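A.B. asks: Pasting a structure here, questions to come.
The values are calculated or read from the model by the stated rules, or taken from the named source; none is laboratory data. Just so it is clear, the structure is predicted and the values come from calculations on it, not from any experiment. As a convention, Cβ positions derive from the backbone with ideal geometry for all residues, glycine included, and neighbour counts pool all protein chains shown. Ligands, DNA and RNA are excluded from the accessible area calculation, which covers all protein heavy atoms including side chains. Shrake-Rupley method; radii C 1.70, N 1.55, O 1.52, S 1.80 Å.
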Amino acid sequence: MIYHLDSENLTSKVFWLCNLRWFAVVGILLSTLITMLFLNLHINFLVLFLIAGFLFLSNIIYIFFLHPFLSKGDKSSLIKVRNSINIQIFSDFIFLTLLLHYSGGIENPFIIFYIFHMIISSILLSRKWTYIHTTIGILLFTSLALSEYLGIIPHYSINKYISSLIQNDPHYLFSALLIFIVTSYLVVYITSSLAARLRIVEQKLKAANSDLMEKDQIKNEYVIRVTHDIKGHIAAIKSNLEVVNKQLVAPVDSQNLTFIEKAYNRTQKLNEFIYDLLTLTNMRLNNKFDKQPFDILKVLTSVVNSNKLFADSKHISYTKEFNITNPQYSGIESSIEEVINNLVQNAIKYTPENGSVSLQASSDENEFTILVSDTGYGIPESDLPFIFDEFFRASNIKFSIKDGTGLGLSLVKAIVERHKGTISAESVVGEGSKFVVHLPHLSP
Ligand code: ADP
């Protein structure tokens, strides 16, 4: 089975070829300049500079021509991009042949540059086109060497001594051409086989990846269906427990009340867990992002107030510092509130009594920065890379603080990324943790 690069891939690789050509132009100019200034060679430098100039111009034309196809993935643009590569490699061969002709022909060690193009062709194109290009390169170089040898075109020798040795020696000419031809085909055979194998691996990986994404989608839809069903039942159990707990129908003795309270609290936790799982899965499944302008300072203040009781219950020193000039932000208000609330609740939850927690926020013309820091238990260094993973709980607390699902930070990260922001964490065990969120201003 033959696999080809797709249009998008091929277009990006053609730009790589164009970038290489800038290096070639600079290389020709520099080597010509160095030869002119430091080596006593008989070369028509003006012609070499002119060739470099034409190569430069040709590259500008190719880039200009290719730009319209940058993001197109259809078949006709793929054919156009392929044709463009054929033309580029062919014209590069012509430039190289001219360059060699005016700088010693077969005497010039830069004949190796034909082989570079053959390798590039094998990376970008099918085997058929690679062999066609290789044959064209070989034909051009052989015609050049033979035409100079037979006197059909002049030979511009760079070194009179070497020239008399090689240019007029048919054995040298024959063996040099033979080596060049054999080496070219051999190199092209090896590189095109390797490139073909790599392309097969790349295609298989792509297929596996899309298969995984499809399965992930099915899993997410399944989670949503199941959690949605469970949610209804949990709500019913919770409201019934609430009635018994508040003794609205009949009195309950204190022993039974303790069990009822426990069941009620567990149901409440389960409810929160289901809410987190549903929100996270919904975010993964759906790319909808209905942003609205809102006042971020109001959200920050509301989070501070709603967690005050929790902080007080643990005698935690709870401070805020807001340095915001323009509080207007465009995003999903409830989601941003959830982010800040989650971070602050975690900071209080994972800080022992009498510790401190602070919420800081600042803004500049590009973004809002929110920093939540605490003097709590901290997170072990080896756990830090995983704390945003679903269901992950750090090893230092997962057995001592049972109240947690490991979903909060995954949700926080998904929301921040949906807002094109970033979140990072720093922590030292026994000293505390710091979570920093950057939320850039989104264009309307
Ligand atoms: P959980 O429901 O367990 O709190 P999260 O996703 O919110 O889940 O957090 C994941 C884990 O990251 C927590 O279990 C905890 O180990 C660690 N963690 C989060 N915030 C803090 C913090 N401020 N201090 C110490 N550990 C934290």
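A.B. asks: Hey, what angle do you get for helix 254-285 against the long axis of the chain, alpha-carbon based, 0 to 90 degrees rounded to 10?
C.D. replies: For 254-285 against the chain, the angle is about 20 degrees.
A.B. asks: For the chain, what class follows from the C-alpha gyration tensor (a ≥ b ≥ c being the square roots of its eigenvalues): rounded when a/c is under 1.5, otherwise prolate if a/b is larger than b/c, else oblate? Kindly include the intermediate steps, with their values, before the conclusion.
C.D. replies: Numbers: a/c = 3.65, a/b = 2.81, b/c = 1.30.
Verdict is prolate for the chain.
A.B. asks: Nearest 500 deg cm²/dmol is fine: what mean residue ellipticity at 222 nm does the chain get from its DSSP H runs of n ≥ 4 alone, each adding -39,500 (n - 2.57), divided by its residue count? Spell out each step's value before the answer.
C.D. replies: Numbers: 12 runs with 277 residues, N = 444.
Counting only the DSSP helices, I get -22000 deg cm²/dmol.
A.B. asks: If you place +1 on the Cβ of every Lys and Arg, -1 on the Cβ of every Asp and Glu, and leave all else neutral, what size is the dipole of segment 348-441 about its Cα centre, to the nearest 20 Debye? Don't skip to the answer; put the middle values down first.
C.D. replies: Values: 8 positive and 13 negative charges, 65 e Å.
Dipole magnitude for segment 348-441 comes out near 320 debye.
A.B. asks: Over the C-alpha atoms of segment 105-220, what are the Rg and the largest Cα-to-Cα span, Dmax, in Å?
C.D. replies: Rg and Dmax of segment 105-220, Cα atoms, are 21.8, 77 Å.
A.B. asks: A further question follows. Heavy atoms only, probe 1.4 angstrom, no DNA, RNA or ligands counted: give me Y114, Y172 ranked by accessible area, highest first. Intermediate values should be presented prior to the final figure.
C.D. replies: Working: Y114 0, Y172 85 Å².
My answer, sorted largest first, is Y172, Y114.
A.B. asks: List the relative contact order of the chain as a percent without decimals, with contacts defined as Cα pairs under 8 Å and 6+ residues apart.
C.D. replies: Across the chain, relative contact order equals 10 percent.
A.B. asks: Taking Cα atoms, how many degrees apart are the long axis of helix 127-150 and the longest axis of the chain, rounded to 10 and kept between 0 and 90?
C.D. replies: Rounded to the nearest ten degrees, it is 30.
A.B. asks: Please list the equivalent ellipsoid semi-axes of segment 7-168, computed as the square roots of five times the alpha-carbon gyration tensor eigenvalues, in descending order and whole angstrom.
C.D. replies: One finds semi-axes of 32, 18, 11 Å for segment 7-168.
A.B. asks: Full-extension gain between K215 and F386, please, as 0.36 nm times their residue separation minus the C-alpha to C-alpha distance.
C.D. replies: On the way: separation 171, 0.36 × 171 = 61.56 nm, distance 2.29 nm.
Between K215 and F386, full extension yields an extra 59.3 nm.
A.B. asks: Residue-wise, which Karplus ³J(HN,Hα) couplings in Hz belong to segment 330-340, taking 6.51 cos²θ - 1.76 cosθ + 1.60, θ = phi - 60°, and x for glycine or proline?
C.D. replies: 10, x, 9, 4, 5, 5, 5, 4, 5, 4, 5
A.B. asks: Report the antiparallel proportion of the DSSP beta bridges in the chain as a percent, rounded to a multiple of 5.
C.D. replies: Values: 26 of 33 bridges.
Percent antiparallel among DSSP bridges in the chain is about 80.
A.B. asks: For segment 382-433, what does the alpha-carbon gyration tensor say about shape, rounded, prolate or oblate, given a ≥ b ≥ c as the root eigenvalues, a/c under 1.5 as rounded, and a/b over b/c as prolate?
C.D. replies: Details: a/c = 2.58, a/b = 1.49, b/c = 1.73.
Since a/c reaches 1.5 but b/c is at least a/b, the shape of segment 382-433 is classed as oblate.
A.B. asks: K308 to L285: FRET efficiency via 1/(1 + (r/R0)^6), r the Cβ-Cβ distance, R0 22 Å, to the nearest 0.05?
C.D. replies: Values: r = 36 Å, r/R0 = 1.62.
With R0 = 22 Å, the Cβ-Cβ based efficiency is 0.05.
A.B. asks: Continuing with this model, one more query. Could you state the angle between the C-alpha long axis of helix 296-306 and the longest principal axis of the C-alpha atoms of the chain, as a value from 0 to 90 degrees rounded to the nearest 10?
C.D. replies: 40
A.B. asks: Can you give the relative contact order of segment 309-441 as a percent, counting alpha carbon pairs under 8 Å and 6+ residues apart? All intermediate terms of the calculation are to be shown ahead of the outcome.
C.D. replies: Numbers: 247 pairs, mean separation 35.9, N = 133.
Once divided by the residue count of segment 309-441, the mean separation gives 27 percent.
A.B. asks: OK, next. Assign one of three labels to segment 181-286, namely rounded, prolate or oblate, based on the Cα gyration tensor with a ≥ b ≥ c the square roots of its eigenvalues; rounded applies when a/c is under 1.5, prolate when it is not and a/b is larger than b/c, and oblate otherwise.
C.D. replies: On the way: a/c = 8.47, a/b = 5.29, b/c = 1.60.
It is prolate, given that a/c is not under 1.5 and a/b is the larger ratio.
A.B. asks: I've got another one for you. Report the local net charge at V436: Lys and Arg +1, Asp and Glu -1, summed over other residues whose C-beta lies under 12 Å from its C-beta. The partial results should precede the final answer.
C.D. replies: Details: positive: K434; negative: E367, E426.
For residues surrounding V436, the net value is -1.
A.B. asks: Once each part is reduced to its C-alpha centroid, what is the distance from segment 377-444 to segment 180-200 in angstrom?
C.D. replies: 49
A.B. asks: Over all directions, the average projected area of the alpha-carbon convex hull for segment 8-52 comes to how many nm²? If you can, show how the numbers build up before the last one.
C.D. replies: Working: hull surface 13.4 nm².
Mean projected area for segment 8-52: 3.4 nm², to one decimal.
A.B. asks: Which residues make up the longest stretch of the chain that has no GluC sites (Glu not before Pro) in a DSSP loop with at most 13 other Cβ atoms within 10 Å? Walk me through the intermediate numbers first.
C.D. replies: Working: sites that count: E353, E365, E381, E431.
With a cap of 13 other Cβ atoms within 10 Å, the longest stretch comes to 1-352.
A.B. asks: Across segment 225-241, in residue order, what do the Karplus-derived ³J(HN,Hα) couplings come to in whole Hz, using 6.51 cos²θ - 1.76 cosθ + 1.60 with θ = phi - 60° and x for Gly and Pro?
C.D. replies: Whole-Hz 3J(HN,Hα) from phi for segment 225-241: 4, 5, 5, 4, 5, 4, 3, x, 5, 4, 4, 5, 4, 4, 5, 5, 4.
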